[in-house]
Amino acid sequence: MTDFDEIYNQYFREVYLFVYSLSRNHSLAEEVTQETFFKALKSIDSFKGHCKLSVWLCQIANNTYFSHMDKQKRLDPEHTITGASGDNIEEAILKKDDVFRIHKALHHLHEPYKEVFTLRVFGELSYAQISQLFEKSESWARVTFYRSKHKIQELLKEES
């Protein structure tokens, strides 16, 4: 896992900037970048070394971004937290209708997902601060937040 933390730290910015160049949306670029590293972690054994690691990661990011955009086109933005307008779960907090639904979904999460999500969204802490609180790496904080956000989105979809 330490090797993957090094990969994450070394290539995060490059992958993020690549996704941002596609999306021109900071929130979406961060979300897609997190998903990219999650997918890369799950399939790191399939990396054969035929290209640079950064190229492989950007290929995953490219596929993830376009899959995300295709999915958004198929979904009704009023029934999802991530709509076509680029809104994300953090911005949904400002929408009073969604606050209660998000809190209800948050109530069903297990730790550390519940606390990491709360610290990031409601406490507005950085990933570095969250990682210090849990005495974990910053990449752990990012991945845990990403997973918690997706668990909440799944719960909200089930509710609809």
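The values are calculated or read from the model by the stated rules, or taken from the named source; none is laboratory data. Just so you know, these numbers come straight off a predicted model, no measurement behind them. When we count neighbours, we look across all protein chains shown, and the Cβ atoms used for this are built from the backbone with ideal geometry, even at glycine.
Report yes if L156 is more than 25 Å from A40 (Cα to Cα), surrounded by 18 or more Cβ atoms within 10 Å (Cβ to Cβ) and either among the hydrophobic types (A, V, I, L, M, F, W, C) or assigned by TED's automatic domain parsing to the domain that holds F100 (or both), otherwise no. The answer is yes for L156. Taken over segment 116-160, residues that are within 12 Å of A105 (Cα to Cα) and hydrophobic (A, V, I, L, M, F, W, C) amount to 4. Out of (1) charged (D, E, K, R); (2) over 13 Å from the mean Cα position of the chain (by Cα); (3) surrounded by 14 or more Cβ atoms within 10 Å (Cβ to Cβ), the odd one out for R24 is which? Checking R24 against (1) charged (D, E, K, R); (2) over 13 Å from the mean Cα position of the chain (by Cα); (3) surrounded by 14 or more Cβ atoms within 10 Å (Cβ to Cβ), the one that fails is (3).
Residue selection: I102 satisfies the criterion of being over 21 Å from Y8 (Cα atoms) and either at pLDDT 90 or above or buried (at least 19 other Cβ atoms within 10 Å of the Cβ) (or both).
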